[in-house]
Every structure is written in structure tokens, then in C-alpha cells.
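Participant: Below is a structure I'd like to ask you about.
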Amino acid sequence: MTPIVAALPKNTPARFLLLDRLDSCDETGATARRAFTSAPAWQGLEAMAQLAALHARWAAGFARHAFLLTADECTWPSAGALHGTLHIRADLLAESDRAATYATSITPLPAAPGADTAVPPHMTATLTIGRTNYNSRFNGDVLAARYQETFAWLTRPA
């Protein structure tokens with residue numbers, strides 16, 4: 001076991017991708033979903049960061065590395081845990097060559113298409129995703145292929 005894996009909390013999912021499906025992705029942001037089972041709040045924050053970073057990579061044509069730089073104005077779920085299939089949203093607020101800032105949230109999925117979506121979010125955060133060129137530390141051949149494969153898997157037909 002690597003030192004990084006050994007240092008993760010015991011309730012870290014075996015497959016550390018906290019998005020089950022990417023529902024939409026365009027120039028303004030992305031939406032996804034995740035089925036949580038009594039998940040601690042840190043997994044919600046991680047899922048929002050994964051979605052925002054995936055959008056930043058997609059926006060760069062998967063030609064740049066993206067990583068969580070800051071998390072601000074984070075609200076936590078009042079129940080203390082996340083449960084059920086939840087909607088994750090990352091709306092692009094601003095971007096530069098080196099970073100992108102997103103308003104992110106986790107809410108219950110609407111009951112039916114066209115249903116009222118004015119349900120208060122379980123979690124929110126303003127996340128800044130750093131972007132850098134691939135280099136000897138961030139191997140572009142490996143990482144670009146990995147994130148393109150992840151994007152393709154998340155957008156696969158049901």
C-alpha cells in the first residue's frame with residue numbers, strides 16, 4: 001500500500017471517482033450525479049471538485065492538468081451525511097489561462113423532468129481549479145488519456 005493510500009480516511013471509496021454519470025458539459029459548466037450511501041461531507045466536497053476539475057480539463061481539450069487550488073464559502077449538509085442519488089453542479093464563474101473558478105452545489109435530483117428544482121442545496125462551495133501544462137511531474141501522455149477515458153466512461157449511453 002502506498003503512503004498516500006494508507007493516509008486516506010477509512011471510508012474512502014475503493015474507486016476514488018465520486019461521479020457516477022456526467023449529465024451535461026458545455027462552455028458554462030457541467031452537471032453530474034452520484035449515488036451516496038451515508039457519505040461524509042468531505043466526499044461531497046471531493047465530488048464537486050472532481051466535476052469542476054473535469055470541466056476545466058475538458059475546456060482545455062484535455063491538453064492541460066487541472067487540480068483543486070482553493071475551496072471557499074463551503075456549506076455542509078445539515079444532516080451531516082449525504083444519502084441518495086444527488087445532482088452535482090459546477091457553474092463556471094471566471095477563468096484565466098492558469099485557473100478557473102466555479103460555483104458548485106449538490107442538490108437532490110428533481111423527481112421528474114420539469115419538476116420544481118428550487119430545492120435548497122445540501123452543499124455549496126466556490127472552488128478554484130488551477131491549470132498547468134503537463135510536464136515531468138504531470139505526465140501528459142498518461143494523464144490526458146486517463147481523463148479522456150474517464151470523460152468517455154461518464155458520458156456513456158445508459
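The values are calculated or read from the model by the stated rules, or taken from the named source; none is laboratory data. Quantities reported herein were computed from a predicted structural model and do not represent experimental measurements. Note that each Cβ is placed from the backbone with ideal geometry, even for glycine, and that neighbours are counted across all protein chains shown.
Participant: Only residues that are charged (D, E, K, R) and either surrounded by fewer than 21 Cβ atoms within 10 Å (Cβ to Cβ) or over 19 Å from THR124 (Cβ atoms) (or both): list them for the range 12-45, please.
Facilitator: Our first condition is that a residue be charged (D, E, K, R); within the range 12-45, this holds for 15, 20-21, 23, 26-27, 33-34.
Within the range 12-45, ARG15, ASP20, ARG21, ASP23, ASP26, GLU27, ARG33 meet the criteria.
Participant: What number goes with the only condition from (1) at pLDDT 95 or above; (2) out of contact with any strand residue (DSSP E or B) (no Cβ under 6 Å at 6 or more places or on another chain); (3) assigned to a strand (DSSP E or B); (4) of a type outside the set (S, T, N, Q) that LEU54 does not pass?
Facilitator: (3)
Participant: Got at least one residue in the range 60-73 being among the polar types (S, T, N, Q), over 12 Å from GLY130 (Cα atoms) and out of contact with any helix residue (DSSP H, G or I) (no Cβ under 7 Å at 6 or more places or on another chain)? Spell out how you get there, then give the answer.
Facilitator: Residues of the range 60-73 among the polar types (S, T, N, Q): 70.
Restricting the remaining residues to those that are over 12 Å from GLY130 (Cα atoms) gives none.
Looking for residues that are among the polar types (S, T, N, Q), over 12 Å from GLY130 (Cα atoms) and out of contact with any helix residue (DSSP H, G or I) (no Cβ under 7 Å at 6 or more places or on another chain), one finds none in the range 60-73, hence no.
Participant: Out of LEU22, LEU68, LEU82, LEU92, I need the residue that is at pLDDT 95 or above, touching a Gly at 6+ places or on another chain (Cβ under 6 Å) and not in a helix (DSSP H, G or I). Which one?
Facilitator: Values: LEU22 fails: touching a Gly at 6+ places or on another chain (Cβ under 6 Å); LEU68 fails: touching a Gly at 6+ places or on another chain (Cβ under 6 Å); LEU82 fails: at pLDDT 95 or above.
Testing whether each residue is at pLDDT 95 or above, touching a Gly at 6+ places or on another chain (Cβ under 6 Å) and not in a helix (DSSP H, G or I) leaves just LEU92.
Participant: Here is a further query. Specify the residue that is farthest from GLY44 (Cα to Cα); the eligible residues are those in the range 118-158 that are assigned to a strand (DSSP E or B) and over 16 Å from the mean Cα position of the chain (by Cα).
Facilitator: Residues of the range 118-158 that are assigned to a strand (DSSP E or B), as a first pass: 123-133.
If we keep only those that are over 16 Å from the mean Cα position of the chain (by Cα) as well, we get 132-133.
Values: THR132: 25, ASN133: 27 Å.
Among residues in the range 118-158 that are assigned to a strand (DSSP E or B) and over 16 Å from the mean Cα position of the chain (by Cα), the one farthest from GLY44 (Cα to Cα) is ASN133.
Participant: Mind checking which pairs have a first residue in the range 62-84 that is farther than 14 Å from LEU45 by Cα and a second that is surrounded by 14 or more Cβ atoms within 10 Å (Cβ to Cβ) and among the hydroxyl-bearing types (Ser, Thr, Tyr), Cβ under 8 Å, 6 or more apart or different chains?
Facilitator: Correct list of pairs: PHE62/TYR147; ALA63/TYR134; ARG64/THR132; ARG64/TYR134; HIS65/THR132; HIS65/TYR134.
Participant: Right, HIS55: buried (at least 20 other Cβ atoms within 10 Å of the Cβ), farther than 17 Å from ALA125 by Cβ and within 16 Å of the chain's Cα centre (by Cα) or not?
Facilitator: no
Participant: If you check LEU8 against the conditions, is it at pLDDT below 90, among the aliphatic types (A, V, I, L, M), surrounded by fewer than 19 Cβ atoms within 10 Å (Cβ to Cβ) and within 16 Å of the chain's Cα centre (by Cα)?
Facilitator: Details: at pLDDT below 90: yes; among the aliphatic types (A, V, I, L, M): yes; surrounded by fewer than 19 Cβ atoms within 10 Å (Cβ to Cβ): yes; within 16 Å of the chain's Cα centre (by Cα): no.
It is false that LEU8 is at pLDDT below 90, among the aliphatic types (A, V, I, L, M), surrounded by fewer than 19 Cβ atoms within 10 Å (Cβ to Cβ) and within 16 Å of the chain's Cα centre (by Cα).
Participant: Does ALA94 count as of a type in the set (Gly, Ala, Ser) and either surrounded by 15 or more Cβ atoms within 10 Å (Cβ to Cβ) or within 19 Å of LEU22 (Cα to Cα) (or both)?
Facilitator: On the way: of a type in the set (Gly, Ala, Ser): yes; either surrounded by 15 or more Cβ atoms within 10 Å (Cβ to Cβ) or within 19 Å of LEU22 (Cα to Cα) (or both): no.
Taking the combined requirement at face value, the residue does not satisfy it.
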